[in-house]
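The next block holds one structure in the form of structure tokens; read it before the comments.
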Amino acid sequence: MPSLVRDVKRRRSVGALQMVNELMQDDWDPEKILRQQDELKVTLLRAQSVVAECKAGLADLERRLERRAVSSPSDERQRNSAANNSIRNAGPRKSRR
């Protein structure tokens, strides 16, 4: 997912730069300038939305990691104990020779 976000951001920033370059090269048609200004505002809002979504996802991951870190010591002991018991209960392996 992070590479997808990077690709989206890269495409959007390239598109915004192209619009700015067009503005600098073209004649100063007020209607075209206003249209491009609106397009840049939309691009900015979309980018801000992507940033907000990434921040929310990161916060969610951090919360889950914190919960796992808090519950991990006792859960890990139980898993290790269960694994050790199943190994002990399995007994020695028989050779196929």
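The values are calculated or read from the model by the stated rules, or taken from the named source; none is laboratory data. Quick caveat, the model's predicted, so the values are computed rather than measured. Heads up: the accessible areas ignore ligands, DNA and RNA and are worked out on the full protein's heavy atoms, side chains in. Shrake-Rupley method; radii C 1.70, N 1.55, O 1.52, S 1.80 Å.
Confirm whether Leu23 is of a type outside the set (D, E, K, R), at pLDDT below 75 and open to solvent by less than 60 Å² (accessible area, probe 1.4 Å). Yes; evaluated as a whole, the condition is true for this residue. Gln36 satisfies every condition listed in (1) modelled with pLDDT of 90 or more; (2) open to solvent by less than 90 Å² (accessible area, probe 1.4 Å); (3) under 28 Å from the mean Cα position of the chain (by Cα) except (3).
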